[in-house]
Amino acid sequence: MARYTGAVCRLCRRENLKLFLKGDRCYSDKCAFDRKSYAPGQHGQRRGRKISDYGIQLREKQKVKRIYGLSEKQFKLFFQRADRKKGVTGTNLLISLEKRFDNIVYRLGFASSRTHGRHFVRHNHFLVNGRKVNIPSFQVNVGDVIEVKEKSRNIKAVTDAIETAVRREIPKWLEVDKGNFKGVVKAIPAREDISMPIQEQLIVELYSK
């Protein structure tokens, strides 16, 4: 399945939740979800339609997949790896998604959205422990130091993201030094550190069918 390239504001409306896919625009009056909080399409404003248990589970999976910007194949691989690990599968899945390099770049405030974070990573704008890493799905570890390459620190998209990141709260398991364009992974994220309204058990039930 190819990556979605259409209007991302439709995705928020489809999931009936602001997914913060367009960076600072999502915090402004231009946010399409705030203006049209009903589902897209000609039947989007219909109410009272009953959704099956499968439909509820599917919507939850689609929501999380869209939050982190993954394809169907990528998301399923993350789930399979989470299922093989010790512990609660749903929690393992969310923690693995949070530890993605492109998500860390976004969480630290060096990108205005996860999509921008993925682009920056792919274009070699970041270092991990002094080494170039251009794989968005790279899993960070405790103690890893993430920094913007010196040649990339004047890129307007990066500086703008840092300026507008004050609208978002930096997770307590991360530490950022904006002046030096650096961030440190202080701990592995816990389930309670993920604030988006996600019911991961529904995803586990979906894949367990």
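The values are calculated or read from the model by the stated rules, or taken from the named source; none is laboratory data. Here the structure is a predicted model, which is why all the values come from computation and not from measurement. Cβ coordinates were reconstructed from backbone atoms using ideal geometry, including for glycine residues, and neighbour counts include every protein chain displayed.
Descriptive notes on the structure:
- Looking at Glu192, Glu175, just one residue is among the acidic types (Asp, Glu) and in a helix (DSSP H, G or I), and that residue is Glu192.
- For region 82-89, the criterion of a residue being modelled with pLDDT of 95 or more, surrounded by 15 or more Cβ atoms within 10 Å (Cβ to Cβ), within 25 Å of Arg114 (Cα to Cα) and of a type in the set (Val, Ile, Thr) is satisfied by at least one position.
- For Ile135, the conditions (1) of a type in the set (A, V, I, L, M, F, W, C); (2) under 26 Å from Phe78 (Cβ atoms); (3) in contact with a strand residue (DSSP E or B) (Cβ under 9 Å, 6 or more places away or on another chain) are fulfilled apart from (3).
- Residue check for Ser71: closer than 29 Å to Glu147 by Cβ, within 15 Å of the chain's Cα centre (by Cα), polar (S, T, N, Q) and modelled with pLDDT under 95: yes
- Exclusive hit being more than 15 Å from the chain's Cα centre (by Cα) and either at pLDDT 95 or above or in the same structural domain as Gly55 (by TED's automatic domain parsing) (or both), set Ile162, Ile104, Ile203: Ile203
Per-residue answers, yes or no, for (1) surrounded by fewer than 14 Cβ atoms within 10 Å (Cβ to Cβ); (2) under 27 Å from Phe75 (Cβ atoms); (3) in contact with a Gly (Cβ under 7 Å, 6 or more places away or on another chain); (4) not β-branched (Val, Ile, Thr):
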| residue | (1), (2), (3), (4) |
| --- | --- |
| Phe120 | no, yes, no, yes |
| Val128 | no, yes, no, no |
| Val140 | no, yes, no, no |
| Val148 | no, no, no, no |
| Pro171 | no, yes, no, yes |
| Gly179 | yes, no, no, yes |
| Pro189 | no, yes, no, yes |
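Yes or no, residue by residue, for (1) of a type in the set (Phe, Trp, Tyr); (2) in contact with a Ser or Thr (Cβ under 6 Å, 6 or more places away or on another chain); (3) at pLDDT below 95; (4) more than 23 Å from Ile67 (Cβ to Cβ):
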site	(1), (2), (3), (4)
Ile155	no, no, yes, yes
Leu174	no, no, no, no
Phe181	yes, no, no, yes
Asp193	no, no, yes, no
